[in-house]
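Encoded as structure tokens, the structure appears first; notes follow it.
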Amino acid sequence: MYITAIDLGSSQIKILVAELNKENQLSLVDVLQLPSNGIKKGEISDLQEIIKILSHIFEEISRISKNALKNIFVNVGGKNIKLQTSKGIIAVSRADNEIYQDDIDRAIKASQAINLTANRKIVHTIIQEYVIDGIDQIQNPLGMHGARLEVNSVIVDAFTPVMNDIYKAIGSNGGDISEMVYNPLAVSNSALSKTHKELGTVAVDIGFGTTSISVFEENKLVSAKVFPIGASNITNDLAIALKCSIDVAEKIKIGHGHALSKEVSLKEKIDLRKFDPGLKSIVSKKFVSDIIEVRLAEIFELIHNELKSIGKTRLPAGVILCGGGAKMEGIADLAKQELKLPVHLAHLESDNFDSLNHDLSSKSEELEFAVACGLLSYGSSRLTEENKLSGWMSGKGVFLSRILKNLIP
């Protein structure tokens with residue numbers, strides 16, 4: 001079975017095609033990457049341009065297998081996504097008070113009964129815990145007994161036109177979306193381990209146009225947010241300060257950038273003529289670093305303010321950094337300074353990435369593919385659950401047919 005993960009980034013569209021074997025292990029089949037003209041701040045701004053870009057990518061994917069276009073998991077981001085907590089309460093239906101799957105489904109559906117405007121749609125219903133007759137912290141109530149079942153959920157909803165554009169972009173090219181995944185949740189699937197989520201941590205994904213965070217504690221999602229600021233803002237600042245083009249500014253940022261200016265010597269210089277003969281000046285690397293640090297400090301201030309607002313400034317597992325913007329030299333030290341938390345760069349944490357780690361590392365950097373890897377992880381988990389359920393239903397059907405065969409003369 002093939003799974004295709006599509007990360008619609010503001011700078012690059014990154015695609016991972018993987019095969020899920022019978023042992024539920026992923027093996028990477030292909031890595032595709034193209035500039036994403038037509039996406040700004042995590043949302044599609046030019047639908048026709050994205051359709052055109054995806055048509056070329058999908059041609060390559062179909063050469064692998066047409067089935068690779070059947071199970072697509074794609075991210076949805078931007079500033080227009082909202083989170084809210086919700087509670088669903090139902091009376092257990094059976095006389096012996098045993099809780100069955102249909103009771104759980106009814107409780108979840110009850111938690112989804114929230115007021116949404118006509119132009120918004122639920123993306124995720126994230127179960128935080130179940131409560132049976134006042135007893136909380138229950139993860140799976142199936143088979144337990146009680147008269148009253150409650151579920152505490154986090155509902156993620158998005159602006160419907162944003163979701164429709166993604167469906168059109170992929171559907172127009174013959175792709176079939178299995179599920180959309182909120183960007184911070186996709187990142188948490190690849191960048192965070194179970195231990196991270198249990199102890200308390202924040203995953204920070206610094207992308208080109210946006211920065212997203214997801215905060216976990218006691219294995220529960222506490223908060224998730226997308227800020228409309230990212231690595232492109234650093235590039236723009238450098239272009240203005242150095243009076244150079246965006247392309248030159250990007251090269252200088254990648255080749256000579258450092259997030260912490262105090263670590264850079266005043267003696268180190270950058271000859272701008274090496275990037276553009278029309279530029280005559282020579283600038284200090286420290287000057288470039290000062291510009292980078294100011295913008296990154298602003299990003300970390302936004303994150304700190306969000307953590308402060310939800311009362312989570314002390315997270316034992318600290319900060320996990322990922323995204324293309326996290327490749328900046330010295331960024332972990334700056335984040336540690338600004339957030340007053342331990343900071344680490346992300347690496348793949350999912351159990352089903354055992355066979356994927358080496359393949360991906362040899363083709364691209366893990367930091368940049370955190371979202372795409374998270375989508376693969378999410379997708380494989382969902383399809384594995386569906387396969388188990390369909391297998392159980394198939395077995396149940398065979399069992400029932402045998403009974404009926406014996407009963408019917």
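List of remarks:
- The residues in segment 88-119 that are in a strand (DSSP E or B) and in contact with a Ser or Thr (Cβ under 6 Å, 6 or more places away or on another chain) can be counted, and the count is 1.
- Unique residue being under 28 Å from residue 14 (Cα atoms), open to solvent by 40 Å² or more (accessible area, probe 1.4 Å), in contact (Cβ under 8 Å) with a residue 12 or more places away in the chain and touching a strand residue (DSSP E or B) at 6+ places or on another chain (Cβ under 8 Å) when the list is 83, 69: 83
- Top-ranked residue in segment 282-316 [being open to solvent by less than 50 Å² (accessible area, probe 1.4 Å) and small (Gly, Ala, Ser); ranked as nearest to the chain's Cα centre (by Cα)]: 297
- The sole residue among 221, 238, 185, 266 that is more than 20 Å from residue 338 (Cα to Cα), touching a helix residue (DSSP H, G or I) at 6+ places or on another chain (Cβ under 9 Å) and assigned to a loop (DSSP other than H, G, I, E, B) is 266.
- Residues of segment 297-314 that are of a type in the set (A, V, I, L, M) and out of contact with any strand residue (DSSP E or B) (no Cβ under 7 Å at 6 or more places or on another chain): 297 alone.
- Looking across segment 8-31 at every residue that is of a type in the set (Ser, Thr, Tyr) and closer than 19 Å to residue 205 by Cβ, the one that is most open to solvent (accessible area, probe 1.4 Å) is identified as 11.
- Segment 247-274, residues that are of a type in the set (Asp, Glu) and under 16 Å from residue 232 (Cα atoms): 247, 250
- Residue selected from segment 223-269 under the condition acidic (Asp, Glu) and touching a residue at least 40 places away in the same chain (Cβ under 8 Å), by the criterion least open to solvent (accessible area, probe 1.4 Å): 237
- Selection of first residues in segment 156-169 that are without any contact (Cβ under 8 Å) to a residue 12 or more places away in the chain and of second residues that are open to solvent by less than 60 Å² (accessible area, probe 1.4 Å) and assigned to a strand (DSSP E or B), restricted to Cβ pairs under 8 Å at least 6 apart or on distinct chains, gives the following pairs, ordered by first then second residue: 167/177.
- Failed condition for residue 209, given (1) of a type outside the set (S, T, N, Q); (2) in contact with a Ser or Thr (Cβ under 8 Å, 6 or more places away or on another chain); (3) modelled with pLDDT of 95 or more: (3)
The values are calculated or read from the model by the stated rules, or taken from the named source; none is laboratory data. Quick caveat, the model's predicted, so the values are computed rather than measured. Neighbour counts are summed over all protein chains in view; Cβ atoms, including those assigned to glycine, are modelled from backbone coordinates with ideal geometry. The accessibility values were calculated without ligands, DNA or RNA, using every heavy atom of the protein model including side chains. Shrake-Rupley method; radii C 1.70, N 1.55, O 1.52, S 1.80 Å.
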